[in-house]
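Each reported figure results from applying straightforward, stated rules to the coordinates on display, with no laboratory input. All values derive from a computational prediction rather than experimental measurement. With ideal geometry, Cβ positions are generated from the backbone for all residues, glycine too; neighbour counts draw on all protein chains shown.
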């Protein structure tokens with residue numbers, strides 16, 4: 001896995017089947033997999049209108065509000081996930097029937113999906129400065145906002161602009177220093 005940042009401008013927007021928004025895939029495994037055969041997938045979605053989410057049987061989801069006034073995700077069993085502030089996270093099963101209600105206009109969110117029989121994921125919001133250990137099967141650092149510099153094992157800093165993602169490889173670096181001011185999402189995917 002390369003340690004070059006994946007820039008926001010390089011991501012291709014694809015409309016949702018229901019017309020309620022667009023998604024931009026950041027990374028998926030295996031490479032080239034589609035929405036029905038991935039092991040894991042990380043993407044950013046712009047939600048323009050409330051409505052039903054697509055279901056993904058057998059998938060565990062972590063959804064993080066990045067921007068906008070927020071939303072409620074209402075599950076078919078009545079459970080409600082309220083995301084009112086950026087960086088709030090909802091974790092739910094992909095087979096659950098979920099409907100979104102936007103509070104006041106469009107939102108943007110980061111979505112981490114992992115096939116539960118093949119692995120798991122954690123998503124942690126961090127404020128710079130911070131230090132993290134690079135230990136998972138796959139790790140990604142997503143810049144939510146701010147001016148972030150990332151140092152891997154003391155090497156030259158890598159600029160991570162807002163919306164950019166830095167893949168981290170434990171074979172390349174064990175320590176990740178996050179400097180500057182702003183917020184990042186530290187995504188760890190562990191395969192079984």
(request) At 7 Å along the Cα-to-beta-carbon direction for both residue 135 and residue 179, put a label point, then send me their distance in nm to one decimal. (result) 2.5
(request) Taking the Cβ of each residue in 80, 64 as the centre, tally the other Cβ atoms inside 10 Å and list the residues starting with the fewest. (result) 80, 64
(request) Find the centroid of the Cα atoms in region 122-136 and in region 29-72, then give the distance between the two in whole Å. (result) 21
(request) Using 0.36 nm per residue of separation minus the Cα-Cα distance, give me the extension gain between residue 12 and residue 24 in nm, one decimal. (result) 3.8 nm
(request) Please tell me the relative contact order of region 9-123 in percent, rounded to the nearest whole number, where contacts are Cα pairs under 8 Å and at least six residues apart. (result) 30
(message) Restricting to Cα pairs below 8 Å that are 6+ residues apart, what does the relative contact order work out to for region 126-192? Please round to a whole percent.
(response) 51
(message) Full-extension gain between residue 169 and residue 99, please, as 0.36 nm times their residue separation minus the C-alpha to C-alpha distance.
(response) 21.6 nm
(request) Just rank 169, 60, 117, fewest to most, by other beta-carbon atoms within 10 angstrom. (result) 117, 169, 60
(request) Starting from the Cα of residue 192, step 7 Å along the direction of its Cβ; do the same at residue 3; then give the gap between the two resulting points in nm. (result) 3.2
(request) Just order 29-36, 103-110 by mean Cβ neighbour count inside 10 Å, highest at the front, would you? (result) 103-110, 29-36
(request) Over all directions, average the projected area of the Cα convex hull of region 1-87 and note it in nm². (result) 6.8
(message) Give me 147, 76 sorted ascending by neighbouring Cβ count inside 10 Å, so fewest comes first.
(response) 76, 147
(message) Would you work out the Kirkwood radius for region 125-181? I mean one over the mean of 1/r across all pairs of different Cα atoms, in Å.
(response) 11.2
(message) At R0 = 30 Å, how high is the FRET efficiency between residue 48 and residue 77 if r is their beta carbon distance? Nearest 0.05 is fine.
(response) 0.70
(request) Find the relative contact order for the chain and round it to a whole percent, using C-alpha pairs within less than 8 Å whose residues are 6+ positions apart. (result) 23
(message) Taking 25 °C and 0.890 mPa s as the conditions, I'd like the Stokes-Einstein D for region 1-150 in µm²/s, using the Kirkwood hydrodynamic radius from alpha carbon pairs.
(response) 152
